[in-house]
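A short write-up of the structure that comes next.
Here, each number is a calculation from the coordinates, and none is a lab measurement. Model, not experiment: these values are computed from the prediction. Please note: Cβ atoms are built from the backbone with ideal geometry, for glycine as well, and neighbour counts cover all protein chains shown.
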Amino acid sequence: MAIATSTIPPGAAADDAPRETERILIVEDDDGVARALQRLLAAPGIQVMVASDGAAATELLVSTRFDLVISDIHLPGATGVDILRTVRAYHLDVPVILMTGNPTVDTAIEAVNLGALKYLPKPFKPDELRAEVRRALGLSRLARLKREALRLSGEGADGPGDLAGLMSRFERALDGMWMAFQPIVELRTKKTFGYEALLRSREPSLPSPLDVIDAAERLHQTRRLGGRVRELVGAAMNGGMEDSARVFLNLHPSELLDPSLYDERSPMMPFASRVVLEVTERSAIESVHDVRARTSVLRFHGYSLAVDDLGAGYAGLTSFVTLEPEIVKIDMSLVRGIDASRTRREIVASIVRLCEELDIRVVAEGIETAEELTIVHALGCQYAQGYHLGRPADLFNAS
Ligand code: G
Ligand code: MN
């Protein structure tokens, strides 16, 4: 039998307020292990269901709301990673614990990339599993509360039931997306130093690049999006772009954890020495472990690094210290109206001075007027970018 259920009714020995029955799905082909897990996890208010292969698991996952999925990695007709993918396609917030008797680095990396909560090598101690399950159910409850709060505030058009829809819109956006390129000008020579590659969408329901990035985050697909961007930019560099031009590429901090970024066969690798990876100050990089080891591998391949949106986000020097960038990009909020603001001029002048000492070059972003351009040049910025110098455009037929 592919599917088995055991329930103990809620409220029997609950010490806190009664809540809805919580459902756990166990995906395990070994009957003995499945039954042992079922016994171990059965508790008042918890329903434990078992699927013994990938097909049965998928059937349950698309029809039932689960609060936790515990899956073996090796299954008939699927892997635990396939199960994880199915979960992510339909139930964004459900925690997934993967178990294996034979852990490998590759599956562990893939599991973490797809958002597995925990990768448990077998055999595990019952207490260890129970503790993980308690934590996971707690997170699941938290996710549900957050969804309710969102619904109350009238936001969050895509409820969890709509995730399949969001996924298909995201897939269409990936298929139709293209890269715009905006020139970055060297101020001394007035020549184009390079281009920032900017994502553009043709999907009417996700019209702005931020919509696409937001959908990718909600669907745990930021790495797939990053991979597609690198493919398109690689094609542009292979195609019409002049060989001397640098390309500035925005990297989501989570992409630093994507093994494909470091893959020799990555479409960007042949051009690495002309590529500047921009990491924004707006999101915390502290969540990425081993940043310094990762950036040193990227530098070994020839990439340079830039801190993006300086002055717009997190205060402090974290991104300077961890990334040791070759370039910083001053956010347009500091540039806007700089000709009329002494404070902005002083801040930019200090940034330029500091960067000179650290041998970091400075790009001023968002230049919209001749006056702004004159001032940032006079203050010592080496490069500038903005509508005044060139709008993002379909320059290299990258689509
Ligand atoms: O965060 P980041 O610097 O990567 O953002 C770049 C974004 O800023 C792009 O979406 C681009 O279209 C936009 N942009 C580029 N130049 C200008 C400009 O001069 N003014 C304004 N308002 N936006 C700009
Ligand atoms: Mn940028």
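Each peptide in 243-250, 324-331 was scored by the mean count of other Cβ atoms within 10 Å over its residues; highest first, the order is 324-331, 243-250.
Contour minus end-to-end for residue 146 and residue 264, with contour as 0.36 nm per residue of separation and end-to-end as the Cα-Cα distance? Please list the in-between numbers first.
On the way: separation 118, 0.36 × 118 = 42.48 nm, distance 4.07 nm.
Going from the current span to full extension adds 38.4 nm.
For the chain, a crude dipole built from +1 on the beta carbon of Lys and Arg and -1 on the beta carbon of Asp and Glu, taken about the Cα centre, is about 280 debye to the nearest 20.
In the chain, helical runs assigned H by DSSP with n ≥ 4 each contribute -39500 (n - 2.57); averaged across all residues and rounded to the nearest 500, the mean residue ellipticity at 222 nm is -12000 deg cm²/dmol.
Taking the DSSP bridge list for the chain and keeping only pairs wholly inside it, about 35 percent are antiparallel. Axis angle, to the nearest 10 degrees, between helix 209-218 and the longest C-alpha principal axis of the chain: 30 degrees.
With the Cα gyration tensor of segment 51-143 giving a ≥ b ≥ c as the square roots of its eigenvalues, does the rule (a/c under 1.5 for rounded; else a/b larger than b/c for prolate; else oblate) give rounded, prolate or oblate? Walk me through the numbers before you get to the answer.
On the way: a/c = 1.44, a/b = 1.04, b/c = 1.39.
Here segment 51-143 falls in the rounded category.
Under 5 Å from the amide H of residue 194 lie the amide H atoms of 184, 246, each residue being 5 or more positions distant or on a separate chain, with H modelled from the backbone and absent for Pro and chain starts. Distances between placed amide hydrogens fall under 5 Å for residue 305 paired with 277, 326, 327, all partners being 5 or more residues away or on another chain. Sorting the segments 346-352, 260-266 by their residues' average number of neighbouring beta-carbon atoms within 10 angstrom, most packed first, yields 346-352, 260-266.
The alpha-carbon of residue 118 sits under 26 angstrom from the alpha-carbons of these lysines, leaving out residues fewer than 8 places away in its chain: 146. Amide H contacts under 5 Å for residue 250: 197, 278, restricted to partners 5 or more places along the chain or on a different chain, H placed in the peptide plane at 1.01 Å from N.
For segment 165-384, compute the orientation-averaged projected area of the C-alpha convex hull (one quarter of its surface), in nm². Write out the running numbers ahead of the final one.
Numbers: hull surface 49.4 nm².
It is 12.4 nm².
Across the options 273, 98, 198, the greatest Cα extent toward the positive end of the charge dipole of the chain (unit charges at beta carbon of Lys, Arg, Asp, Glu) belongs to 198.
Look at the dipole of the chain built from charges on Cβ: of 289, 112, 338, the Cα furthest out on the positive end belongs to 338.
Among 226, 46, 383, whose Cα sits farthest toward the positive end of the charge dipole of the chain (+1 at Cβ of Lys/Arg, -1 at Cβ of Asp/Glu, about the Cα centre)? Looking along the dipole axis, the top candidate is 383.
From the gyration tensor of the Cα coordinates in the chain, what semi-axes in whole Å does the equivalent ellipsoid have, largest first, with each one equal to sqrt(5λ)? Kindly include the intermediate steps, with their values, before the conclusion.
Details: eigenvalues 446, 96, 79 Å².
Ellipsoid half-lengths, sorted descending, are 47, 22, 20 Å.
Comparing 56, 236, 131 in a Gaussian network model of the chain, where Cα atoms under 10 Å apart are tied by springs, the biggest mean-square fluctuation is seen for 131.
The Cα atoms of segment 290-399 give a gyration tensor whose axes a ≥ b ≥ c have a/c of 1.5 or more with a/b no greater than b/c, which makes the shape oblate.
Of all aspartates and glutamates in the structure, those lying under 13 Å Cα to Cα from residue 191, and not within fewer than 8 positions of it along the same chain, are 242.
A Cβ-based charge dipole, computed about the Cα centre of segment 281-341 with Lys and Arg at +1 and Asp and Glu at -1, lands at about 120 debye. With K and R counted +1 and D and E -1, the other residues having a Cβ less than 10 Å from that of residue 211 yield a net charge of -1.
Of all DSSP-defined beta bridges confined to segment 165-384, some 30% are antiparallel rather than parallel.
Charges only on Cβ, +1 for Lys and Arg, -1 for Asp and Glu: so what's the dipole of segment 165-384 about the Cα centre, in debye to the nearest 20?
Details: 26 positive and 33 negative charges, 49 e Å.
Using only the charged Cβ atoms, the result is roughly 240 debye.
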